[in-house]
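Q: Shown below is the structure under consideration.
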Amino acid sequence: MTVARLSQALARIAPSRTTAITDRAMQLRAEGRDVISLSVGEPDFATPAHVVQAAKNALDAGDTKYTAVAGTQALREAAALHFRRDLGIAVPPSQVIVSAGGKQAIFHALLATLDPGDDVLIPSPWWVSYPEIVRFAGASVVDLPTDAAGGFRITADQLAAAITPQARWLLLNSPGNPTGATYPAQELRALGEVLRRHPRVLVMSDDIYAPLRYGAGDHATLAVECPDLADRILTVSGVSKSHAMTGFRIGVSAGPEWLIGAMGRLQSHSSGNPASISQAAAVAAFTGPQDFLIEWRERFRARRDMVCKAINAIPGLSTPVPDGAFYCMVNAAPLMERFGGDEALCLHLLENGVAVVPASAFGGRDGFRISFAADDEKLEEALRRIAKAVA
Ligand code: GLU
């Protein structure tokens, strides 16, 4: 037997394709190739100066030691403020945990609650890491397919038909990555009706893109629409996407005390506390000025409109206009025969200087995801390259 034998749990999962393609684009750039990366969901805006200053202040103050595993009291309070002010979810700091990015929170929540034989319901196209984490935990994925015509949202009937006796979690992401799917309040309430009949099912509401909504009306979230279900809802949020702080790695989650405690128990053996400097920066992000978020959102909206118009003008490509987040799920079905699949098409685009992620990475098909969180000039040039590459 070779020493390089992987655990069965790891062997069940593939590397993240969003990060793999982004790493490849960085590598090509380091080799001197001209590649525009629209593969990762990362705002190009600079982290706000007051946030950077808070990180510097923390360093100068010697804030460089362990903190409590679940986060500093200051950040748990700031996160509780964020949940109340921005999402309408009233929780005490004891029902909040801080993790190294939303990704770690999702990882810990699922690992802490899933057993082999459990099912996890995930609307597809889904964010790449959801099904992989589920499989790592030894549970099974139940795919709830959605399509552009239905706004990439599941319906209550679809949920009711898909729930198995083994169902343990429903993963909801609104606004969603990679489709921008955004659930209105009444649709969440309809999903809640179904969930009430299945008390074993927990719900992860991944609200990381909440500030990035382009339609009218407030952000809707399940814990607010169905408060009676709050004791089995984990709402995940953070500063990465909203405040352009991806590298800081800070996610925050709110949920019932038993689940927050379970996540903390696991976190105490994985990373321990999230980085102390990053936590100080996140306090500034949540408690400092928020008005720039509106200006950023409007800039994303302009980019979204530009990208959708350009994509829909390219023969063989089409995209619906997403209601939220900063991704377009591009349909390239008419080109599939010519290129031999979405993976091959994305390799061809990479050769032509644009990195995007194949739809199959998200449980979709025949297309690719563009992140429009890049500056206007880069986006325009990337779209010219895409048009030329598929012509
Ligand atoms: N969530 C972002 C994306 O989908 C960041 C990369 C990742 O962690 O997948 O691009």
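The values are calculated or read from the model by the stated rules, or taken from the named source; none is laboratory data. Keep in mind that what you see is a predicted model, and the values were worked out from it rather than measured. FYI the Cβ positions are ideal-geometry reconstructions off the backbone, even for glycines, and counts take in every protein chain you see. For the accessible areas, the whole protein counts, side chains as well, though only heavy atoms, and no ligand, DNA or RNA atoms are used. Shrake-Rupley method; radii C 1.70, N 1.55, O 1.52, S 1.80 Å.
Q: Quick one: which residues, 5+ away or cross-chain, put their amide H under 5 Å from the amide H of Ser174? H built at 1.01 Å from N.
A: When sequence neighbours closer than 5 places are left aside, the close amide H contacts are Asp206.
Q: Return the carbon/sulfur percentage of the accessible area of region 212-314, one whole number, probe 1.4 Å, all protein chains in place.
A: 55 percent
Q: Now a separate question. Ignoring ligands, DNA and RNA, what percent of the 1.4 Å accessible area of region 36-124 is carbon and sulfur?
A: C and S fraction of accessible area: 55 percent.
Q: Calculate the spin-label point distance for Ala313 paired with Ala156, positioning each point 7 Å from the Cα along the beta-carbon direction, and give it in nanometres.
A: 4.3 nm
Q: Count charges around Met336 for me, please; just the other residues with Cβ under 10 Å from its Cβ, Lys/Arg as +1, Asp/Glu as -1.
A: Within the 10 Å Cβ shell, the charges total -1.
Q: Add -39500 (n - 2.57) for each DSSP H run of 4 or more in the chain, then divide by its residues: what number comes out at 222 nm, to the nearest 500 deg cm²/dmol? Provide the component values of the computation, followed by the final result.
A: Working: 15 runs with 157 residues, N = 391.
Counting only the DSSP helices, I get -12000 deg cm²/dmol.
Q: Could you tell me what fraction of 2.2 N^0.38 Å the Cα radius of gyration of the chain comes to, as a two-decimal ratio?
A: 0.97
Q: Over the chain, average the accessible area per residue using a 1.4 Å probe and give it in Å², no decimals. Present the calculation step by step, with values, prior to reporting the outcome.
A: Details: 16440 Å² over 391 residues.
Using a 1.4 Å probe on heavy atoms only, each residue of the chain averages 42 Å².
Q: Each residue of region 95-103 in order: what ³J(HN,Hα) in whole Hz does its phi give by Karplus 6.51 cos²θ - 1.76 cosθ + 1.60, θ = phi - 60°, with x for Gly and Pro?
A: Computed from phi, the couplings for region 95-103 are 9, 10, 10, 9, 10, 7, x, x, 4 Hz.
Q: Let me ask something else about it. Count charges around Pro211 for me, please; just the other residues with Cβ under 10 Å from its Cβ, Lys/Arg as +1, Asp/Glu as -1.
A: Cβ neighbours under 10 Å give a net charge of +1.
Q: Quick one: 3J(HN,Hα) in Hz for region 208-217, Karplus 6.51/-1.76/1.60 with θ = phi - 60°, rounded, Gly and Pro as x.
A: With coefficients 6.51, -1.76 and 1.60, one gets 4, 9, 3, x, 9, 10, 9, x, 7, x Hz.
Q: Out of every Cα pair in region 1-120, what percent are spaced more than 18 Å from each other?
A: 74 percent
Q: Report the per residue volume, in Å³, of the convex hull enclosing the C-alpha atoms of region 217-359. Before the final figure, lay out the partial values.
A: Numbers: hull volume 27.1 nm³, N = 143.
Convex hull of Cα atoms, per residue: 190 Å³.
Q: Among DSSP beta bridges whose residues both lie in the chain, state the antiparallel percentage, nearest 5.
A: Of all bridge pairs located within the chain, approximately 45 percent are antiparallel.
Q: What distance in nm separates the two pseudo spin-label positions at Glu381 and Val321, each 7 Å out from Cα along the beta-carbon direction?
A: Once both label points are built, they end up 2.8 nm from each other.
Q: Now for a separate question. Please report, largest first and rounded to whole Å, the three semi-axes of the ellipsoid equivalent to region 1-71, where each semi-axis is the square root of five times an eigenvalue of the C-alpha gyration tensor.
A: 33, 26, 12
Q: When the Karplus curve 6.51 cos²θ - 1.76 cosθ + 1.60 is applied with θ = phi - 60°, which whole-Hz ³J(HN,Hα) does each residue of region 349-362 get, with x for Gly and Pro?
A: After applying 6.51 cos²θ - 1.76 cosθ + 1.60, I find 5, 5, 4, 9, x, 9, 9, 9, 10, x, 4, 4, 5, 10 Hz.
Q: What does the charge count around Trp169 come to, taking other residues whose C-beta lies under 9 Å from its C-beta (Lys +1, Arg +1, Asp -1, Glu -1)?
A: Local net charge: -1.
Q: Can I ask one more? Could you pull out every residue, at least 5 positions away or on a different chain, whose amide H is within less than 5 Å of the one on Ser124? Hs are placed 1.01 Å off N in the peptide plane, and Pro or chain starts have none.
A: When sequence neighbours closer than 5 places are left aside, the close amide H contacts are Leu144, Thr146.
Q: Find how much the distance from Ser270 to Ala11 grows on full extension, using 0.36 nm per residue of separation minus their present alpha carbon separation; answer in nm with one decimal.
A: 91.3 nm is the gain from fully extending Ser270 to Ala11.
Q: Additional query: Roll a 1.4 angstrom probe over the protein heavy atoms and tell me the percent of accessible area of region 129-207 that is carbon or sulfur.
A: In region 129-207, the share of accessible area belonging to carbon and sulfur is 52 percent.
Q: Here's something else I'd like to know. Considering the options Met204, Ser174, Leu110, tell which one lies farthest towards the positive end of the dipole of the chain, charges being +1 on Lys and Arg and -1 on Asp and Glu at the Cβ, about the Cα centre.
A: Sorting the options by dipole projection puts first Leu110.
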